[in-house]
Amino acid sequence: MATATTEPVRLPPGPRIPKPVQAIAYLASKHGFYAAVSRRYGSTIISVNLPGIGHAVVICDPAVAKDLFITSTDLIERPTWGGGSLGDAFGPGSTFSLAGDELLARRKVVVPHFKGKRMRSYEHVIEEEVMREIATWPEGREFEALPSMTRITLGAILRAMFGAEGPALDELRDLLPPMVLLASLILTVPRRMRRDLGPWSPWGRHIRYRRRFDAIVDSLIADSRADPALAERSDVLALLLQAHYENGEPISDRDIADELLTLVASGHETTASSMAWAVERLRRHPQLLSRLTEEVDAGGSELRQATISEVQRTRPVLDATVRCTKTRIRLGDWVIPENTKLILSIRLIHESGDSFPEAASFNPDRFVGGVPKPMAWIPFGGGVNRCVGAAFAHMETDITLRTMLRELRFAPTDAPAERPRWRGVATVPARGARAVVYRRTAKASRDADSASLADHGSA
């Protein structure tokens, strides 16, 4: 792990070209720029200098990533509120805005709601959302799957967060997609440029979206507090309203609103993007698609789980996770000064040939019969900042894929792979994960449904 030091600063190698030139190279290829620099200098730890970030160190090595994930938060931490993190969009009460003891205390309250029986209680909600959405899909005609995946994940996470359907949730279904997309793009702009210049300015629109979100959530909180059955409810809002920190203090309503926005926004955008990539990948691997369909019909899941892991490895929707040094540290052979951004390139770590032979190939069988290597496979980050909803996201992707394969036949394609397109936070298929589907026979669907129920009953 990294250690504190007073040694002279010694940064990893990196290009000496001017910052604007580095910026152009980065914007042209994103993490391809990091890969080129890494090859140029023969190092998996490199230095870059980019606008809005400044001097930063990029980590492309799984072993070094592991060291950073287990390094004390006294030495490094994720950027928090006001530091260019996602917390800037979600608010000071968001998990993304917390560090140290505050972060640990919040995770102890939130994480249990996404584990075990409590999480499995949301399975029927997810399947209902999938069935409702795919009922609208055209048969035999190409369409974009990404918008549908977004509606599925948003509907599922809203119902898990807030409970039963109603006018307030319908309004959130309309409000959140443009709100989240705008916030993710705004975060790429330096903080000093985020100004409210009226309802048509980006930051002004974001503020007005947030005010509307808070008004809806405030009404849901008030209704929940007045609900005589609050103690019997399993939605996350009800659970947070009844939760207390270890010192006995409740979570404030404003922090609950920030946390719910965090869970909903991060819980639908990235998962929808990953599910869209699954559609894009499977249509280009017809033999795998056939094997997965046969497995669903037989009530199995091992290959499907492996496929999800491989989609997340080869098409990570988050390119990187960031830490910042709080003091001077030694990291391997290098000495890095305080207030330096450490960019852990998820994309390049997943492309490590040492961890994944023939890493460029899409091969779910590499995960069959085993689990991804810790720190070599980090689609959800790692350490104390690992995504709170990782297990929920995996379950949601699994149920969605299982249901689609049970109900539909995806037509294979020999079209070129869709290129990644960056949308501020998530990376999505550039053409929206175009799909062509046909309904499977009613009998096949009934048989597969019975097998799936039997499989879940024995899980």
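The values are calculated or read from the model by the stated rules, or taken from the named source; none is laboratory data. Note that this is a predicted model, so its numbers are computed, not measured. Because the Cβ atoms are built from the backbone with ideal geometry, glycine has one as well, and the counts that use them run over all protein chains shown.
The table for this structure:
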{"quantity": "Residues that are under 11 Å from the mean Cα position of the chain (by Cα) and not in a helix (DSSP H, G or I), drawn from the range 379-404", "calculated": "P379, F380, G381, R386, C387, V388, G389"}
{"quantity": "Tabulated pairs, the range 42-57, first in the same structural domain as S352 (by TED's automatic domain parsing) and within 10 Å of P12 (Cβ to Cβ), second in a strand (DSSP E or B) and hydroxyl-bearing (S, T, Y), C-beta under 6 angstrom, 6+ apart or interchain", "calculated": "V57/S47"}
{"quantity": "Verdict on T153 being among the hydroxyl-bearing types (S, T, Y) and closer than 30 Å to A238 by Cα", "calculated": "yes"}
{"quantity": "Number of positions in the range 235-291 that are assigned to a helix (DSSP H, G or I), among the polar types (S, T, N, Q) and modelled with pLDDT of 90 or more", "calculated": "7"}
{"quantity": "Residue count for the range 50-68, restricted to those that are surrounded by fewer than 21 Cβ atoms within 10 Å (Cβ to Cβ) and not basic (K, R)", "calculated": "9"}
{"quantity": "Cβ-Cβ under 8 Å pairs, at least 6 apart or on other chains, the range 214-230 side without any contact (Cβ under 8 Å) to a residue 24 or more places away in the chain and hydrophobic (A, V, I, L, M, F, W, C), far side assigned to a helix (DSSP H, G or I) and surrounded by 11 or more Cβ atoms within 10 Å (Cβ to Cβ)", "calculated": "L230/S224; L230/A238; L230/L241; L230/Q242"}
{"quantity": "In the range 1-53, residue nearest to N339 (Cα to Cα) [restricted to those that are among the hydrophobic types (A, V, I, L, M, F, W, C) and in a loop (DSSP other than H, G, I, E, B)]", "calculated": "I53"}
{"quantity": "Filter pass, G369 being surrounded by fewer than 22 Cβ atoms within 10 Å (Cβ to Cβ), at pLDDT below 95 and either out of contact with any Gly (no Cβ under 8 Å at 6 or more places or on another chain) or not aromatic (F, W, Y) (or both)", "calculated": "yes"}
{"quantity": "Only listed residue being outside the structural domain of M149 (by TED's automatic domain parsing) and among the β-branched types (V, I, T), chosen from T327, T293", "calculated": "T327"}
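Rundown of residues vs (1) farther than 18 Å from I256 by Cβ; (2) exposed (fewer than 15 other Cβ atoms within 10 Å of the Cβ); (3) polar (S, T, N, Q), yes/no style:
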{"site": "F90", "(1), (2), (3)": "no, no, no"}
{"site": "V110", "(1), (2), (3)": "no, no, no"}
{"site": "F114", "(1), (2), (3)": "no, no, no"}
{"site": "E127", "(1), (2), (3)": "yes, no, no"}
{"site": "E139", "(1), (2), (3)": "yes, yes, no"}
{"site": "F143", "(1), (2), (3)": "yes, no, no"}
